[in-house]
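Beneath this line is the structure, given in structure tokens, with notes to follow.
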Amino acid sequence: MTWRRRPASHFRSEASAASWNTQFSGTPAFSTLIRGYLHGIINSKRYRAHRIAFALYTGHDPDCEIDHIDGDKTNNAALNLRAVTSAENKRNLAIPAHNRSGVIGVCFSRSKGKWRAYIGTRPQTHIGYFDAFDDAVAARRTAQSAHGYHPNHGRAS
């Protein structure tokens, strides 16, 4: 999304209009990155680009969260945005930076000496303990499918 040329009627003078159009016309309307999202200011109010893009694509202002399906917060293409609840949005997360196993929902339990698989945040649902890492991963993936998680959930960030 870029700024379009604005008519002089939007300004106090012809000189102000000419100055604004020279400086901003054709430049990106949303360029400030805040926590990875593109932001911009319209009529002295800050907006997130993905919310404006979604409203332009669908014709209505979303009253819920907007999910970037591929996880790229700057990719505001129509096919990459979907209106979701907070719970649905959490089912399409990248693997957290603090994860050490390389698979979301799988960790090694030192006390049991086995791999633990779990799903959910609060409360966590325990899936089971497994001798083999691959078995824990398979159990987690089966649980993800059963609980309606997006196929991209747990992708590399």
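The values are calculated or read from the model by the stated rules, or taken from the named source; none is laboratory data. Every value quoted in this text rests on a predicted model; they were computed, and no experiment measured them. No Cβ is skipped: glycine too gets one built from the backbone with ideal geometry, and neighbour counts run over all protein chains shown.
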Determine whether T2 is more than 27 Å from H153 (Cα to Cα), touching a strand residue (DSSP E or B) at 6+ places or on another chain (Cβ under 7 Å) and surrounded by fewer than 16 Cβ atoms within 10 Å (Cβ to Cβ). yes
Only one residue in S157, S145 is part of a loop (DSSP other than H, G, I, E, B) and either without any contact (Cβ under 8 Å) to a residue 40 or more places away in the chain or small (G, A, S) (or both). Which one? S157
In segment 126-142, what residues are free of Cβ contacts under 8 Å to residues at least 24 places away in the same chain and more than 24 Å from the chain's Cα centre (by Cα)? H126, I127, G128, Y129, F130, D131, A132, D134, D135, A138, A139
Scan segment 112-147 for residues that are within 13 Å of K90 (Cα to Cα) and out of contact with any helix residue (DSSP H, G or I) (no Cβ under 8 Å at 6 or more places or on another chain) and jot them down. G120, R122, Q144, H147
State which residue is farthest from T58 (Cα to Cα) when the search covers only segment 96-107 and only residues that are surrounded by 14 or more Cβ atoms within 10 Å (Cβ to Cβ) and either in the same structural domain as D67 (by TED's automatic domain parsing) or free of Cβ contacts under 8 Å to residues at least 24 places away in the same chain (or both). C107
